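No lab work stands behind these numbers, since they all come straight from the coordinates. As the structure is a computational prediction, the values presented were derived from the model and not from experiment. So basically every Cβ, Gly included, is an ideal-geometry build from the backbone, and we count neighbours across all protein chains shown.
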Amino acid sequence: MPGDSIDAIANTVPFSTITSQYSTQYVSSTILDIDLASIIYTSGSTGEPKGVMLTHRNMLAASTSINCYLSHMANDIIISVLPLSFDYGLYQMIMAFSVGATLILEENFIWPAQLLKKIAANKATVLPVVPSMVGLLLQHNKLFSYDVSSIRCVTNTGAALNVKHIDNLKLIFKTANIFSMYGLTECKRCTYLPPDKIDSKPTSVGIAIPNTELFIVDEQGNQLGKNQIGQLVIRGSTVMKGYWNKPVETEKKLKNGLLPGEKVLYTGDYCWLDDDNYLYFHSRMDEVLKCKGMKVSPKEVEETLMRCSLISEVAIVGVDDLEYGTAIYAFIVTVGEVEQNNIKQFYHENLSAEKRPKYLEFLSQLPKTQNGKVNKLELKKIADLKVSTETILA
């Protein structure tokens with residue numbers, strides 16, 4: 001933790017004390033920028049985790065780019081509850097150390113009030129979050145009213161912020177810039193939404209980060225124009241070396257680029273660009289459902305349902321169905337006690353027939369991975385089991 005501004009916290013040692021115990025003499029190294037620096041595993045929220053091989057060049061390029069648009073400085077105090085096994089958490093450390101900022105690492109997010117208290121006590125300036133944290137922070141901030149005005153920057157990735165999340169963050173961190181971002185472990189970060197566009201383009205994931213190029217292609221690899229949905233392709237120095245011991249999966253993701261020997265990343269995500277070159281995430285290619293003969297994006301259904309004031313969280317999965325081909329199964333967390341018919345009325349009024357859930361299940365909370373993402377793999381298993389044993393009512 002660079003800097004000595006938080007000596008009062010129990011069980012901390014000033015960074016200057018640690019560094020004074022070691023030699024400052026330069027040690028020569030044979031490590032090259034193209035050598036492997038880390039293997040970071042994907043979250044496994046929708047399938048088997050894969051080891052993403054990242055070089056020193058990959059990680060340095062990513063941290064430099066993100067530091068640039070977030071304007072991280074030596075006087076920043078970043079407070080993070082994200083696990084270091086999650087690339088979003090690991091990069092908080094890399095970015096802080098690279099600019100000489102202070103990093104406060106919290107063990108977990110079990111006690112949201114404690115996080116708010118530590119933000120206030122240490123005058124933290126940067127807070128990285130995932131969407132599942134936002135609602136809990138708002139609830140506890142209303143109860144305890146800590147002074148969190150020191151936060152100048154709130155960042156998000158891992159899953160998209162919806163309009164409710166953005167509004168809640170504004171209520172908590174009234175003067176902070178909110179950065180909605182999008183990326184994959186395979187290239188760390190692709191885009192960020194400038195804070196001054198959060199109101200005019202709240203559903204966009206933004207523009208390409210510095211030193212990165214992106215474009216949209218069709219199934220044949222032809223580049224598409226504006227407002228056309230296709231697969232997102234990433235070009236730049238953040239693109240991974242490949243998957244650890246998975247040559248077949250690597251070949252599917254890394255394809256020949258514009259220059260000889262260059263590889264670009266085929267993300268497996270359907271996206272589109274608006275007239276201003278702002279990117280919008282549509283769905284993961286492997287999550288698109290075919291319901292009643294029509295292609296349905298689970299994200300689109302989730303976003304529509306989240307507009308209902310009675311719903312605080314929702315996740316959509318597909319289950320095999322003789323009538324529909326694939327039927328939509330909705331897991332819903334409500335705001336207090338809610339009549340099921342009120343939810344049904346909302347989606348009948350706001351969703352076309354093929355996008356309406358056939359099955360509803362109410363939960364107190366959605367299962368999450370260690371990285372804070374909704375664990376759709378677990379939800380899919382639950383849905384398949386209940387439909388096959390007829391223990392869920394349509």
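Figures for the structure shown
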read-out	value
Sorted by Cβ neighbour density within 10 Å, fewest at the top, the residues GLU378, GLU186, GLU337	GLU337, GLU378, GLU186
Charge context of LYS368, other residues only, Cβ under 14 angstrom, K/R +1, D/E -1	0
DSSP H segments from the chain that extend 20 Å or more along their own axis, Cα-based, with Kyte-Doolittle mean of 0.0 or above	56-70, 131-144
Neighbourhood net charge (14 Å Cβ-Cβ; Lys/Arg +1, Asp/Glu -1) for LEU377	+2
Within-9-Å neighbourhood charge of ALA315 [Cβ basis; K, R +1; D, E -1]	-1
Pairwise Cα inverse-distance average, inverted: Kirkwood Rh of segment 188-261 (Å)	14.3
Rounded to 5, the percent of DSSP beta bridges in the chain classed as antiparallel	75
Fluctuation leader among VAL154, VAL338, VAL126 - the chain, Gaussian network, Cα springs under 10 angstrom	VAL338
Backbone N under 11 Å from the ASN342 label point (7 Å along Cα→Cβ), restricted to segment 112-152	none
Estimated 222 nm signal from helices in the chain, with DSSP H stretches of n ≥ 4 weighted -39500 (n - 2.57), rounded to 500	-8000 deg cm²/dmol
Dipole in debye (nearest 20) - the chain, about Cα centre, beta carbon charges: Lys, Arg +1; Asp, Glu -1	160
Distance (nanometres) between label positions extended 7 Å along Cα→Cβ at ILE34 and LYS226	3.9
Rounded FRET efficiency, nearest 0.05, which uses the C-beta distance separating LEU105 from ASP218 and R0 of 45 Å	0.55
Alpha-carbon centroids, segment 140-164 and segment 60-130: separation in whole Å	13
Electrostatic dipole magnitude of segment 288-388 [Cβ: Lys, Arg +1; Asp, Glu -1; Cα centre; debye, to 20]	320
For the chain, built as a Gaussian network whose Cα springs stay under 10 Å, the top-fluctuating residue of SER65, SER352, SER237	SER352
Footprinting exposure proxy for THR191, THR64 (fewest neighbouring C-beta atoms within 10 Å first)	THR64, THR191
Inter-part distance where segment 252-328 and segment 340-391 are each reduced to a Cα centre, Å	17
Selected from MET95, MET133, GLN21, residue furthest toward positive end of dipole (the chain; charges at beta carbon)	GLN21
